[in-house]
Amino acid sequence: MNLVVKFQQYFFLLVAFLLGSLAPLYGNVFNFVLLAFMLVLLGVNRKEMLRNLRYVRWYIGINVAFLIYFSLHTLVVLLKDEPIAPPSFGTFEVLLLNFILVPMYVSTFKNWITPGLLKKFLFFFCLGCTLLNIYIFFSLTGTQLFSAPADTLSWIYNMRFGVNRDVLGSKFWLEAQAMIIAIASLASYLLVIGAKGWKMKLFCGFMFLMLVLFLSFTVTKSSILGFLAGFLILNVCLFRKFSLRMRYGLIAGLLVCVCGFSLLTDLAMYEKRIQEIEAEIQSVRNGEYRGATIVPRVAFIRESFRHLDEFSAWGLGVCTKHRIKAWYESSDLNIANYNNVNNAFLQYWITGGIFGLALVLFLFVAPIYRMIRRKKFSSLILAMLIVFFTVSNTCVTLSWANSRLFMLLFLAMFCFYGDLFAWLEDFSEDKPII
């Protein structure tokens with residue numbers, strides 16, 4: 001095998017491990033690692049790289065077109081005598097190093113990625129996610145799990161896995177962490193079913209159980225609901241493909257998991273969260289807007305749409321950040337301490353107008369369109385898209401460094417290599433994981 005291809009494949013698996021572990025913590029640094037890698041490839045194998053880029057030029061071209069629009073919009077804003085708010089230029093770095101660079105990197109897989117290599121990618125991604133969250137768990141609890149397991153689990157549920165906190169010197173947002181865990185849980189579940197050999201099946205099963213347990217620690221509604229919906233779709237689709245023996249095994253395994261988690265999960269914490277949600281919904285109905293979960297998100301949307309005339313068509317561009325902050329500071333809905341809308345779709349609508357909203361919708365729709373066009377459907381892609389969509393409606397996933405690169409890389413892979421994901425769900429042949 002060509003030495004360059006071998007290097008690309010090893011780097012591909014390293015990226016998988018880092019996506020689940022360190023990349024969400026140091027996303028901006030990882031951007032420049034990818035940039036350096038792309039420059040090396042450009043120097044070593046320029047012709048092949050350009051061929052691969054031409055193959056997905058429509059996808060990258062849409063991202064480039066939005067960058068051009070955003071640049072022209074910025075020029076118009078800066079030429080005005082008094083911009084509507086102080087400009088902030090961080091979006092340019094985001095568009096260049098994530099929205100454009102990441103799909104360019106994903107396009108380089110075309111000549112050598114195989115279903116077996118994709119399985120390894122998912123395996124190392126799940127492994128990285130599992131190890132990072134084990135580290136987070138023990139950094140929060142120490143060795144108390146071994147001396148007082150019941151009290152430790154109750155405490156970790158009550159403090160919601162540490163909420164937003166510093167991890168290895170970087171800020172890690174709980175919503176982003178929960179979303180990544182949910183995606184890894186779905187991937188590890190498919191690996192359990194597709195693994196050949198009891199040792200690998202057992203190890204993947206261990207990762208799945210640990211990841212679902214970690215997800216429950218977060219008590220994060222959007223990620224948990226997204227995971228449950230995706231998990232249901234994944235099982236319904238796979239159940240139809242299974243033999244009778246595999247169906248019985250699946251049902252037995254799910255029953256064991258449900259019984260086990262009912263014993264480990266602090267249901268009282270979830271009951272408390274449900275009561276909080278009910279109280280906040282009533283608060284919104286009464287016009288009081290008191291609360292920290294449902295209330296702010298409803299208020300963000302209502303306050304933003306009060307200013308629909310400012311952003312509906314063209315967006316606020318580089319003035320978005322400070323203009324949103326000004327809206328919330330003058331609002332009567334108790335949201336003065338916030339500076340984003342906690343909704344990725346609305347955030348890009350406000351930033352880029354109808355073009356920004358169209359860009360985000362395109363990223364989600366493109367993989368589904370390609371599956372329909374190729375007539376090769378992957379329930380894993382659909383399940384993961386549900387998680388991405390659900391969480392993106394409750395936080396700015398495409399604006400945070402913790403989640404942006406992770407999402408854009410997976411969305412590009414879903415679109416470019418959807419047929420390989422579909423291949424993973426074909427259990428009619430002997431296809432070892434490693």
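Tell me, which helices (runs of 4 or more DSSP H) wholly within segment 106-174 include 3 or more residues that are over 30 Å from Lys272 (Cβ atoms) and among the hydrophobic types (A, V, I, L, M, F, W, C)?
Output list reads 115-141.
Within segment 125-133, can one find any residue that is free of Cβ contacts under 8 Å to residues at least 60 places away in the same chain and touching a helix residue (DSSP H, G or I) at 6+ places or on another chain (Cβ under 7 Å)?
no
Gly43 passes all but one of (1) in a helix (DSSP H, G or I); (2) within 28 Å of Lys119 (Cα to Cα); which number fails?
Gly43 satisfies all of (1) in a helix (DSSP H, G or I); (2) within 28 Å of Lys119 (Cα to Cα) except (2).
Testing Ser399 on (1) part of a loop (DSSP other than H, G, I, E, B); (2) surrounded by fewer than 24 Cβ atoms within 10 Å (Cβ to Cβ); (3) under 11 Å from the mean Cα position of the chain (by Cα), one condition comes back false. Which one is that?
(3)
For Leu333, work out the one condition from (1) among the hydrophobic types (A, V, I, L, M, F, W, C); (2) over 30 Å from Phe92 (Cα atoms); (3) modelled with pLDDT of 90 or more it doesn't fulfil.
(3)
Out of everything in segment 237-288 that is acidic (Asp, Glu) and surrounded by 14 or more Cβ atoms within 10 Å (Cβ to Cβ), what residue ends up being modelled with the highest pLDDT?
Top of the filtered list is Glu280.
Could you check, for segment 64-81, whether at least one of its residues is surrounded by 13 or more Cβ atoms within 10 Å (Cβ to Cβ) and in a loop (DSSP other than H, G, I, E, B)?
No, every residue in segment 64-81 fails to be surrounded by 13 or more Cβ atoms within 10 Å (Cβ to Cβ) and in a loop (DSSP other than H, G, I, E, B).
Checking Ala195 against (1) crowded, with 21+ Cβ neighbours inside 10 Å; (2) over 17 Å from the mean Cα position of the chain (by Cα); (3) at pLDDT 90 or above: exactly one of these is not met. Which one?
Evaluating Ala195 over (1) crowded, with 21+ Cβ neighbours inside 10 Å; (2) over 17 Å from the mean Cα position of the chain (by Cα); (3) at pLDDT 90 or above leaves (3) as the failure.
Being part of a helix (DSSP H, G or I) and among the hydroxyl-bearing types (Ser, Thr, Tyr) is the filter here, so list the residues in segment 279-307 that pass it.
Ser283, Ser304
Could you list, in sequence order, all residues of segment 337-364 that are among the polar types (S, T, N, Q) and buried (at least 24 other Cβ atoms within 10 Å of the Cβ)?
Gln347, Thr351
In segment 272-316, how many are without any contact (Cβ under 8 Å) to a residue 24 or more places away in the chain and either in contact with a helix residue (DSSP H, G or I) (Cβ under 8 Å, 6 or more places away or on another chain) or of a type outside the set (S, T, N, Q) (or both)?
21
If Phe37 meets every condition in (1) surrounded by 15 or more Cβ atoms within 10 Å (Cβ to Cβ); (2) at pLDDT 95 or above apart from one, which number is that one?
Of everything listed in (1) surrounded by 15 or more Cβ atoms within 10 Å (Cβ to Cβ); (2) at pLDDT 95 or above, Phe37 misses just condition (2).
Quick one: which residue in Ile372, Ile350 is under 24 Å from Glu310 (Cβ atoms) and either part of a helix (DSSP H, G or I) or out of contact with any helix residue (DSSP H, G or I) (no Cβ under 9 Å at 6 or more places or on another chain) (or both)?
Exactly one residue qualifies, and that residue is Ile350.
Looking at (1) assigned to a helix (DSSP H, G or I); (2) in contact with a Gly (Cβ under 9 Å, 6 or more places away or on another chain), find the lone condition where Pro87 falls short.
Pro87 satisfies every listed condition except (1).
If Val102 passes every condition in (1) touching a Leu at 6+ places or on another chain (Cβ under 7 Å); (2) outside any helix (DSSP H, G or I) but one, which one does it miss?
(2)
The values are calculated or read from the model by the stated rules, or taken from the named source; none is laboratory data. Note that the coordinates shown come from a computational prediction; the quantities given were computed from them, not determined experimentally. A quick note on method: Cβ atoms are made from the backbone with ideal geometry, for glycine too, and the neighbour counts reach across all protein chains shown.
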